[in-house]
Amino acid sequence: MPVPAGSGSGPAPAGLSYDPILSRVRLSVQIPSPAAYARIERSTDQVRWVTVRGGTEVVPTTGGWVTLSDYEFTPDTPNWYRVRAFMANDFEIGASRNSNPYIETDTSGWTAVGGTVARSTSTPHEGVASLLLTPDGATATVQARVANGPVTAANFYVGAAWLRSTVARTAGIAIIWRDAGGGILSQTLGSTVALAAGVWTYFEVTGQAPASATQATFVAASMGGTPPVGHTMLVDEACFVVIGGTPVFSGAITPDLAGHVWLKSVSRPFLNRAVTVLDYSDIERPARGGLFTVPGRTAPVAVTDVRSSRRWTLEVLTNDATAARDVDLLLASGDVLLVQAPAGTDVPAGYVHVGDTRQRRTSRLGPRRVFELPCTEVAAPTADVVGATATCQTVLNTYATCAALLAAHPTCLSVMELIGDPTEVIVP
C-alpha cells in the first residue's frame, strides 16, 4: 500500500473523518475566539477519557481552527472525541452562544443600532466573509449587536471579536445584562481602543451576570462620537461564551480497518502500512523470578517478580517489490511500532519493539516476500512523541523552488498536509 511523496487527502473537513491512506482519525474544529488553546480527548465509553497524542495544548490557527490526527484509536468501534477550549489563564470556556459568529453565509442573528449591518467579502479576518457595520451619520453611538441570549446569574461570560476600521478611530465592545422582560440591568464595558486604519484588532470583555439576569446582549462593536457614514467597520469571529462551560465539540466516529492489520510508526506515520498477516507464533511471557536452594532444606526459596511482557513472532506477507520495500523501510526506522488489528481477529496487537528481522522469498524468482518480525510488547511512546507526516526532505523532493512551494501551499498548515516517502528514513 505505497504512499507517493507529496500525496495526501487534503485538509481535514470540519468535524471527524477517517483517512484510510495512513489509517488515522482526523479532527478539525473551530473554537471560540477567546480561546488560547484546546485539549482534544478520546473515549470509547464517554466515562474514561484520554488525551489524544499531541492534543494537550493545540494552538488554534487564524479563525480558531484546531486540527489533529489520531492514529491510536480503537478499531471498528465507536470512538468519541471531545474538544475543550481554554483561555490563556487556563479557564475553560464553552461554545459560542452567538449562533453566527463568523458571518460566512448571512447576517442572521445580528442587528445594528444607528446604522446597518451587511455581509462583506472584502477583507475577512477568517473564512470568506465578515460583518460590515455602516453608521447612519446621525446617531451618537453606533453598534453591531448579537441577538439576546440566555445567561445564568453569577456566571462569568466573555465576549470577544476582531474589528477593522476603514479610518483611524476608537472602538469598543460590551455586554448588556437584561432581566426576563428584556429590561437593562447593567452593562459591562470593555476597553476603548484606538484603531489604526485597515488593521484587524482583537477585543475582549469579561463580566459576571448580575442577580436577576436571565439574558444578555453582546455588543461586538461600538463607535461613539456620532461617526460619519464613511467610518465603516468590519467585525469577525464575534464569540460570546461562558467560563466553565461544556466541551465546544463532541462527536463519534467508527474507524473501519476493512479487515487489515496495520503496522504504525507513532513518530513517523507516513511509514504506516496495511499488511497481510500469514501467521504468528506461540505467545511467550518470560519469567523474571528465580529459585534458590537452601542447605538443609528440601524446598527452594522463590524470589518473584512480575513477568516480562508478551513476545511473539509475526509473519507478514507482501505481494510486490514496492510493498516489500515499504515494509523494509518501516522496519529500518527502528521505531516502536503499533500493531493495530481489526476487531474479531486474534492477531496480537499493541506497541512492540521489533528485534532482528528476516525476509525470505516464497519462490526463487517471484516478488512475494515473507517478513518474520520478532515482537516484544513495550510501553507506548511518551506523550512528547508526536508524529509528523512529512519531513524537510519531503518538501525538497516535491518542490524545486520556494516559489513552487508557496504557490502550492500558502500556509504552514497546508504544508503539513504533505505525506513523505518511506525512503526518507534512510540517512546516507
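Laboratory data are not the source of any read-out in this text; all were calculated from the coordinates shown. Please read all numbers here as calculations on a predicted model, not as lab measurements. A quick note on method: Cβ atoms are made from the backbone with ideal geometry, for glycine too, and the neighbour counts reach across all protein chains shown.
General remarks:
- According to the Kirkwood relation over distinct C-alpha pairs, the hydrodynamic radius of segment 110-240 is 14.7 Å.
- The residues packed around Arg368, meaning those with a beta-carbon under 12 Å from its beta-carbon, carry a net charge of +3 if Lys and Arg are +1 and Asp and Glu are -1.
- Loop-located trypsin sites (Lys or Arg not before Pro) in segment 10-77 (DSSP state other than H, G, I, E, B) with a sparse environment of at most 11 neighbouring Cβ atoms within 10 Å: Arg48.
- The modelled label-to-label distance for the pair Asp179/Arg364, using points 7 Å beyond Cα in the direction of Cβ, is 9.9 nm.
- Neighbour net charge for Ala390 - beta-carbon separation under 13 angstrom, K R +1, D E -1: -2
- Label point distance in nm, Ala343-Ala36, each placed 7 Å from Cα along Cα→Cβ: 4.0
- Close amide H pairs (under 5 Å, H built 1.01 Å from N) link Trp65 with Ile31, residues at least 5 positions away or on another chain.
- Estimated purely from DSSP H runs of n ≥ 4, each contributing -39500 (n - 2.57), the mean residue ellipticity at 222 nm for the chain is -2000 deg cm²/dmol once divided by its residues.
- Dmax and Rg, reported as Rg then Dmax, of the chain (C-alpha, Å): 28.8, 109
- The residues Phe156, Phe73, Phe218, when put in order of fewest to most other Cβ atoms within 10 Å, stand as Phe156, Phe73, Phe218.
- If R0 is taken as 56 Å, the Cβ-Cβ distance between Val301 and Asp90 corresponds to a FRET efficiency of 0.55.
- Peptides 372-380, 237-245 ranked from most to least packed give 237-245, 372-380, packing being the mean of other C-beta atoms within 10 angstrom over each peptide's residues.
- Label-point separation, Val386 to Tyr202 (7 Å along Cα→Cβ), nm: 1.8
- Cβ-to-Cβ counts within 10 Å put Met233, Met87 in ascending order as Met87, Met233, the fewest first.
- Cα long-axis angle, helix 321-332 against the chain (0 to 90 degrees, to the nearest 10): 80
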